[in-house]
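Since every read-out is calculated from the coordinates, none of them should be taken as a lab result. Quick caveat: nothing in here was measured; it's all calculated off a predicted structure. Note that each Cβ is placed from the backbone with ideal geometry, even for glycine, and that neighbours are counted across all protein chains shown.
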Amino acid sequence: MSYDVEKPDEQWRAELTPAEYTVLRQAGTEPAFTGEYTDTKTKGVYSCRACGAELFTSETKFASHCGWPSFYDPKSADTVELIEDRSHGMVRTEVRCARCGSHLGHVFEGEGYPTPTDQRYCINSVSLRLTPDEG
């Protein structure tokens, strides 16, 4: 698939920290309960740390207690790309940034969370950058 933002691997490595590169470009996962946004309640917009695309808002963030920031819906349907992931002996749905193809995390359904969508977008903090609301 082609993306609006495409860069050679060397450029991604130069622009991202090693932890960001591992998650965003190699589909890694940061350790549970270590991310900067896991328990954040600040109101604002969460963007892709690799390309700046606006992905989620604090309005859809909720406390899932899973160890990573959780959202029940992206900012808009076209901001993320969902891909079947059969790694690690499981079948999951990977969430990527639709603008640059960076790995963000996974989305899970039917877990019984009291949200409007019954979905949990389980997203790595290191893949996001929060811009707080002004005021």
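Calculate the length of the line joining the C-alpha centroid of the range 98-135 to that of the range 21-95, in whole Å. After rounding, the separation between the Cα centres reads 4 Å. Comparing G89, G44, G35 in a Gaussian network model of the chain (Cα springs below 10 Å), the most mobile by mean-square fluctuation is G89.
So for the range 1-65, Kirkwood radius off the Cα pairs, Stokes-Einstein at 10 °C and 1.306 mPa s: how many µm² s⁻¹?
Details: Rh = 13.7 Å.
It diffuses with D of about 116 µm²/s by this estimate.
Across the chain, how many lysine pairs, 8 or more positions apart or on different chains, have C-alpha atoms separated by under 23 Å? Please give the number.
Numbers: K41/K61; K41/K75; K43/K61; K43/K75; K61/K75.
Counting lysine pairs in the chain gives 5.
Charge tally around G112: other residues with Cβ under 12 Å, Lys/Arg +1 each, Asp/Glu -1 each, net -2.
One quarter of the surface of the convex hull around the alpha-carbon atoms of the chain equals 8.5 nm², the direction-averaged projected area. Considering the chain as a Gaussian network with a 10 Å cut-off on Cα pairs, which listed residue, E109, E54, E15, attains the greatest mean-square fluctuation? Per the Cα network of the chain with a 10 Å cutoff, E15 tops the list.
A DSSP coil position with no more than 13 other Cβ atoms inside 10 Å describes the following chymotrypsin sites (Phe, Trp or Tyr not before Pro) in the range 30-135: F33. Between the amide H of F56 and those of Y46, K75, distances stay under 5 Å, these residues lying 5 or more places away or on another chain, with hydrogens modeled in the peptide plane. Between T79, T29, T42, the Gaussian network model of the chain with springs among Cα atoms under 10 angstrom shows the greatest mean-square fluctuation at T42.
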